[in-house]
Amino acid sequence: GLDSYAAWISRVHEFTISSLVGWRWAQGSIFYLLGLWSRLVSSAPYLKSTSPSLLENYVPLIYQAYVTSRVESVQAVYDGSVGEDEDLLEIEDSLSDQMEALPYLCRFKYEQSAEFLCRLCTT
């Protein structure tokens, strides 16, 4: 029941964060993971259970990890620690697919997402 769901969503969250942190090695997974999270968020309004979905705990962290990983990838290209052929923002098909899922994550906890982006831009 609920304990199994809580364990599952926690593990998926951990795997997603690990994949985003390890962006150099997990590019093939990012699209599918963001798609999963966007579908979970999209279905949240239709949940009939009074039990917590736990999405409010995990989705903002995933959004923040995604944005942070993209900023780190830009820094890595700028520093020359990865080649320009590994620039995540230049892989148009992959980036386009990821951008389709991202708005759902951002809007789920919009205020937290906006605050995070403002902090990121001012540091």
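At-a-glance table
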item: Test result for S19, open to solvent by less than 40 Å² (accessible area, probe 1.4 Å) and part of a loop (DSSP other than H, G, I, E, B); result: no
item: Residue match in the stretch 32-45 (condition: out of contact with any Leu (no Cβ under 9 Å at 6 or more places or on another chain), open to solvent by less than 30 Å² (accessible area, probe 1.4 Å) and in a helix (DSSP H, G or I)); result: yes
item: Among (1) within 12 Å of the chain's Cα centre (by Cα); (2) closer than 19 Å to L117 by Cα; (3) open to solvent by less than 70 Å² (accessible area, probe 1.4 Å), the one test that S73 misses; result: (1)
item: Condition broken by A65, with the remaining ones in (1) in a helix (DSSP H, G or I); (2) open to solvent by 30 Å² or more (accessible area, probe 1.4 Å) satisfied; result: (2)
item: Long-range neighbours under 9 Å by Cβ, at least six apart or interchain, first residue in contact (Cβ under 8 Å) with a residue 60 or more places away in the chain within the stretch 98-123, second acidic (D, E) and surrounded by 10 or more Cβ atoms within 10 Å (Cβ to Cβ); result: F108/E56
item: Yes/no for W25 being more than 16 Å from P60 (Cα to Cα) and either in a helix (DSSP H, G or I) or under 11 Å from the mean Cα position of the chain (by Cα) (or both); result: no
item: Residues of the stretch 1-16 satisfying the condition of being open to solvent by 40 Å² or more (accessible area, probe 1.4 Å) and in a helix (DSSP H, G or I); result: L2, D3, S4, Y5, W8, R11, E14, F15
item: Those residues of the stretch 41-55 which are closer than 18 Å to S4 by Cα, touching a residue at least 24 places away in the same chain (Cβ under 8 Å) and not small (G, A, S), in sequence order; result: L54, L55
item: Residues located in the stretch 1-22, provided they are closer than 10 Å to I62 by Cα and charged (D, E, K, R); result: E14
item: Residue in the stretch 79-96 that is modelled with pLDDT of 85 or more, open to solvent by 70 Å² or more (accessible area, probe 1.4 Å) and out of contact with any strand residue (DSSP E or B) (no Cβ under 9 Å at 6 or more places or on another chain) present; result: no
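The values are calculated or read from the model by the stated rules, or taken from the named source; none is laboratory data. Keep in mind that this is a model prediction, so the values were computed, not measured. Note that we place each Cβ from the backbone using ideal geometry, even for glycine, and neighbour counts take in every protein chain shown. For the accessible areas, the whole protein counts, side chains as well, though only heavy atoms, and no ligand, DNA or RNA atoms are used. Shrake-Rupley method; radii C 1.70, N 1.55, O 1.52, S 1.80 Å.
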